[in-house]
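Data block below; observations after.
The values are calculated or read from the model by the stated rules, or taken from the named source; none is laboratory data. In this text, all values refer to a predicted model and were calculated from it rather than measured experimentally. Counting neighbours? That spans all protein chains shown, and the Cβs are built from the backbone with ideal geometry, glycine included.
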Amino acid sequence: MHSSTLTLQNLLLQVKSLLNHNGKVAVLIPYKRCNYFEQLLIENDFFIHQQLNVKQSVNHDFFRSQYIFSLQPGTALERNELMIHDSNKQYTTAFTDLLKDYYLKL
């Protein structure tokens, strides 16, 4: 269950107070909150560098989105998609490549 005690707005205020001038932040949020989160980032003077939208398989809609952002403008915004399972219910190559350093067996 998700907690309602730390709002995204409060999270961004804390990030802004703690982030090094050249630092970057990565946040994973529910996909349905993307538009709201992007608006908050703009309102709080952050710049989005990357967005990765994640879905379980080709038969599913997106369910998570990862953002990498900072207080400094970057180059062009990079938006990508990641599918965890292929049509045969096996992990995709992109998924295993992303997580291979963190799991012994995928």
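Check off (1) outside any strand (DSSP E or B); (2) surrounded by 13 or more Cβ atoms within 10 Å (Cβ to Cβ); (3) without any contact (Cβ under 8 Å) to a residue 40 or more places away in the chain for K16 and give me the number that stays unchecked.
Of the numbered conditions (1) outside any strand (DSSP E or B); (2) surrounded by 13 or more Cβ atoms within 10 Å (Cβ to Cβ); (3) without any contact (Cβ under 8 Å) to a residue 40 or more places away in the chain, the odd one out for K16 is (3).
On the given criteria, is L28 closer than 21 Å to L98 by Cβ, at pLDDT 95 or above and surrounded by fewer than 12 Cβ atoms within 10 Å (Cβ to Cβ)?
It is true that L28 is closer than 21 Å to L98 by Cβ, at pLDDT 95 or above and surrounded by fewer than 12 Cβ atoms within 10 Å (Cβ to Cβ).
Could you identify the single residue in Y102, Y67, Y91 that is closer than 21 Å to N20 by Cβ and not small (G, A, S)?
Y67
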